[in-house]
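Take a look at the structure set out below.
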Amino acid sequence: MNATEKKSNIDSLKTRLASAQSLILADFRGLTVESDNKLRREFRAVGCEYQVVKNTLLGMAVKGTAMEVLESLLAGPTAIAYSTEDPSAPAKVATKVARTESKFVIKGGYVDGKLLDKTGVEQLSTLPSKDEARATFLATLLAVPQNFLRLLGAAPQNFVYLLSARKDALKDNENK
């Protein structure tokens, strides 16, 4: 790789990582091609980027940025997974894959200015996705008006039930 290719690769990586919500680093040593392809498909399915990078190029790309704290994790073969939309998405896939593939080992990660260890990545994977968080928020907002409408309708409805029960009771007394 000549100097201009290296510079363009570093610049490209730097711009992609600048827009990343979170970044997961993993050791993929020993994965079969089939497992690696399956892994790439899983990351793509949730809108994440996954690629194998050279440690020196990644180190140069994060130099001078908030992600510079990742340099301590740059040893051995490194694959990165990141998402520009959902911070928990790459962590969810990486954690799931690490459970099933013993050769895929999570080194750590980065989110919101903080370096994460393996445990931190696993905790990040338990957070709800953006869509799940939005749905929960929307359900919370809708719960109050729904309960209020249910309450407003309850009194007249109960009064109708009372009248219906009284009518049935009078009919029963008439038939006896």
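The values are calculated or read from the model by the stated rules, or taken from the named source; none is laboratory data. The structure presented is a predicted model; accordingly, all values stated were derived computationally and were not measured. Glycine also receives a Cβ, built like all others from the backbone with ideal geometry; neighbour counts cover every protein chain displayed. Each accessible area value is taken on the protein alone, full model and side chains, heavy atoms only, with ligands, DNA and RNA left out. Shrake-Rupley method; radii C 1.70, N 1.55, O 1.52, S 1.80 Å.
Overview of values
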| quantity | calculated |
| --- | --- |
| Sum of side-chain charges, VAL121 neighbourhood, beta-carbon under 12 Å (Lys, Arg +1; Asp, Glu -1) | +3 |
| Principal semi-axes in Å for region 50-114 [√(5λ), Cα gyration tensor, largest first] | 20, 15, 10 |
| For the chain, size of Cβ-based charge dipole, Lys and Arg +1, Asp and Glu -1, in debye | 160 |
| Separation of the LEU115 and VAL46 label points, Cα + 7 Å toward Cβ, nm | 2.4 |
| Angle between the chain longest axis and helix 3-18 axis [Cα atoms, degrees, rounded to 10] | 20 |
| On Cα atoms only, tilt of 33-45 relative to the major axis of the chain in degrees | 50 |
| Selected from TYR50, PHE28, LEU13, residue furthest toward positive end of dipole (region 1-51; charges at beta carbon) | LEU13 |
| Range of Cα positions in region 1-157 per principal axis (Å), largest first | 80, 34, 24 |
| The chain: angle of helix 89-100 to the longest principal axis, Cα-based, in degrees nearest 10 | 80 |
| Average Cα contact separation per residue, region 93-176, under 8 Å, 6 or more apart, as relative contact order % | 15 |
| Rounded accessible area per residue of the chain, 1.4 Å, Å² | 64 |
